[in-house]
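Just so it is clear, none of the values below were taken in a lab; they were calculated from the coordinates. Just so you know, these numbers come straight off a predicted model, no measurement behind them. Please note: Cβ atoms are built from the backbone with ideal geometry, for glycine as well, and neighbour counts cover all protein chains shown.
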Amino acid sequence: MSENNSLRFLKSIWRWFDDVTGVSSWLIPLAKHPVPHARKSAWFYVLGSATLFVFIVQIVTGIALASAYVPSAGQAYQSLTFISGTRFGSIVRGIHAFGASAMVILIGLHAIRVYLWGSYKYPRQMGWLTGVALLFLVLGMAFTGQLLRWDQTGVWSVVIAAEQAGRTPFIGHWLARFILAGDTVGGATLSRFFALHVFFIPALIFFFLGFHLYLVIRNGISEPPQVGRPVDPQTYRAWYSDLLHREGVPFWPDAAWRDAVFGLLVIGTMVVLAITVGPPALGRPPDPSIIQASPRPEWYFLWYYALLSVIPRWSETYVIILGPLLLVVVLVLLPLVAPKGERSPFKRQWAFGIVAFIVWMIAYFGTLGRLAPWSPRMNAPPLPASVVGTTSGPIAEGAKVFHDKGCEFCHMISGYGGIRGPDLTYAGDRMTPAQMETRIYSGATNMPSYNGNITPQQLSDLLAFLASRRRRPAPPTSASTAAK
Amino acid sequence: MTTDIERASECAACDETRRRFLSRLTLMLGSIVAAIVAIPCVGFLLGLRKVPRVWRTVGKLNDFQVGSTVNVAFLDSSPLPWAGVTARSAAWLRRISRSDFIAFSVNCTHLGCPVRWLPTANLFMCPCHGGVYYANGDVASGPPPRPLRRYPVRVQNDEVQILASPVPITTEKI
């Protein structure tokens with residue numbers, strides 16, 4: 001009886017609340033708004049909502065982290081060490097970091113789906129454009145977020161970003177100083193990126209996200225494309241409304257359950273990874289005077305870093321400045337130049353080609369960036385005797401020269417050393433000592449000249465060592481005569 | 001009541017003018033408010049701290065051997081109290097004679113990564129893209145577009161001092 005009473009009491013509170021707010025009169029129609037019956041394609045619709053769910057997770061974990069993170073250039077690193085040292089702090093950091101990756105992946109996949117399906121066409125052009133804004137804002141969050149880790153890589157990322165901005169014509173110097181928040185990395189630098197990451201970019205995201213979602217409701221979610229059913233702006237709205245009338249299903253719960261299942265899968269994976277793999281390790285402290293640093297971007301920018309490293313040198317400034325600009329222009333122009341016509345990717349086969357190219361570029365250059373063949377391996381140890389083959393004499397001395405003169409940092413021998421220059425494991429098979437001597441003296445685009453920087457004795461030892469690098473060991477006399 | 005309606009209908013034209021004036025006034029007042037708040041905010045954000053360049057002592061004259069190139073750390077020109085270790089800067093310092101020194105910026109002129117001095121090879125090498133500089137700072141190979149920047153050095157009262165300078169930014173020559 002009393003249970004009945006309390007239930008009635010709760011109901012009366014709800015009725016009062018609903019009466020004075022009118023919540024049910026807009027929330028219920030909103031939840032139950034009709035969406036196209038997507039049939040076999042229904043699972044393609046979960047990408048946008050999953051991006052939104054992960055964004056909410058990022059807000060929650062971000063607030064949790066901000067409650068302990070100290071956005072001070074001198075103390076951020078210690079506060080992160082503290083957070084990572086607590087059991088749950090480490091998990092929250094992990095979720096936030098994997099969430100960042102998930103955001104980038106999901107928003108990318110969502111954009112690819114919308115592009116392949118031609119869903120950016122009339123009347124959803126603004127949906128695409130707000131989405132493009134959100135894509136760049138998410139990338140901005142990813143960059144500033146990595147920076148807030150404020151370890152050595154964080155500090156050098158700011159310097160590299162400033163140097164890249166410095167290439168801009170006319171305002172380059174000013175832009176670089178603006179990014180550094182002064183003449184050097186210092187007290188003001190981190191605060192600026194903290195404000196960007198925590199207030200400014202999220203505020204813009206909220207704005208564009210609200211607009212984006214409003215447009216989804218206003219224009220309706222796009223129906224799966226069909227070959228031979230082009231978009232005609234004159235008739236589309238009437239046709240779409242008729243389609244919803246004929247075979248629309250209520251978003252809640254007919255479509256929403258898939259969003260829930262996929263969202264749970266994504267967030268569940270993030271949490272499991274956060275617990276098992278943990279957050280990204282902190283590097284050395286953010287001390288710009290520690291010069292033992294090889295800063296690398298996170299995976300989502302690794303492809304861009306790799307691209308900048310392999311393009312011809314003369315084009316570098318153009319790519320740094322015009323590359324991102326061109327990307328924005330192309331993405332913005334897309335719905336404006338192609339607002340109608342066929343939506344089906346089977347009638348726009350080049351769309352598959354473009355997507356395949358983008359995915360290939362990110363995968364290929366991302367892998368290349370991980371390997372970073374252009375970076376010398378400055379921690380390469382001296383070649384062990386097992387590789388050199390002897391512990392005394394010119395060959396052993398030459399192996400020492402090979403390490404001491406920095407050759408090994410760029411040239412690999414039997415698995416030791418860098419891969420910036422050619423592998424010299426079998427150098428003796430490919431070049432004569434005279435050819436080697438010429439190269440060592442003259443240098444090349446990517447190799448310094450050692451003219452005046454190597455003694456005759458060192459050179460003769462080095463040549464003896466290099467000549468001994470053969471598939472089949474040469475008779476000992478030939479190497480030593482060659483060296484002479 | 002009736003007089004109100006009459007007046008309204010009598011002067012529909014003045015209403016129109018009045019409303020146009022009021023909407024313009026509202027928009028104008030709003031813009032003024034936005035501007036007086038935005039100007040100091042944007043000015044603060046864009047305004048860069050002008051810092052004096054100061055000489056920083058990096059060691060005693062006797063700490064440095066003629067011919068050797070060593071890494072020295074010093075505080076930047078105007079460390080903020082909360083800057084912690086980020087206020088530190090570094091340079092490669094070489095003593096070339098009894099009283100002469102050269103100080104190289106550690107920043108590669110390509111993208112600013114910290115270059116390392118290889119004493120046995122007599123070269124500076126950058127770990128990012130393999131830029132190499134000769135001992136005098138000239139580009140030996142790789143992507144750097146110009147020689148390593150040098151900082152002014154002086155010896156005063158037996159102390160070696162470097163002029164703490166801004167991070168060198170390679171800009172395009174136009």
Average partner coverage of B:162-169, which counts Cβ from other chains inside 10 Å: 5
Pairwise FRET efficiency - residue A:101 versus residue A:67, Cβ, R0 = 30 Å, nearest 0.05: 0.85
Förster radius 45 Å - calculated FRET efficiency between residue A:171 and residue A:60 (Cβ-Cβ, nearest 0.05): 0.75
Separation in nanometres of the label points that stand 7 Å from Cα toward Cβ, at residue A:5 and residue A:414: 9.2 nm
Per-residue average of Cβ from other chains inside 10 Å of A:445-451: 5
Integer Hz, Karplus 6.51/-1.76/1.60 couplings in order for segment B:54-68, x for Gly and Pro: 10, 7, 10, 6, 10, x, 7, 3, 6, 5, 10, 8, 4, x, 9
Spin-label model distance (nm) - residue A:471 vs residue B:13, 7 Å beyond Cα toward Cβ: 10.3 nm
Relative packing of peptides A:360-367, A:234-241 - highest average C-beta neighbours within 10 Å first: A:360-367, A:234-241
Hz values of 3J(HN,Hα) by residue in segment A:296-302 - Karplus curve (6.51, -1.76, 1.60), Gly and Pro given as x: 10, x, 5, 4, 6, 10, 4
Cβ-derived FRET efficiency at R0 45 Å, residue B:63 paired with residue A:432, nearest 0.05: 0.45
Dipole of the protein assembly as shown, positive end: most advanced residue of A:103, A:78, A:349 [Cβ charges, Cα centre]: A:349
Zone residues, segment B:69-103, relative to residue A:191, backbone N less than 12 Å from point 7 Å out along Cα-to-Cβ: B:80-83
Gain upon complete extension [residue A:23, residue A:200; 0.36 nm per residue less C-alpha separation]: 60.7 nm
Residue A:88 paired with residue B:163, simple spin-label distance in nm, labels 7 Å along Cα-to-beta-carbon: 5.5 nm
Overall Cα dimensions of the protein assembly as shown, principal axis frame, Å, largest first: 114, 63, 63
Unit charges on C-beta of K, R, D, E only; dipole of segment B:55-163, Debye: 80 debye
For segment A:385-483: relative contact order, % (alpha-carbon pairs under 8 angstrom, 6 or more apart): 32 percent
Dipole in debye (nearest 20) - segment A:385-483, about Cα centre, beta carbon charges: Lys, Arg +1; Asp, Glu -1: 240 debye
Segment A:288-382: C-alpha gyration tensor shape, a/c 1.5 cut-off, then a/b vs b/c: prolate
Prolate/oblate/rounded call for segment B:48-174, Cα gyration tensor, a/c under 1.5 rounded: oblate
Averaged over B:133-146, number of beta-carbon atoms from partner chains that fall within 10 Å: 3
Amide N of segment A:345-389 lying under 20 Å from the label point, which is placed 7 angstrom from the Cα of residue A:299 along Cα→Cβ: A:356-373
Chain B: angle of helix B:12-46 to the longest principal axis, Cα-based, in degrees nearest 10: 10 degrees
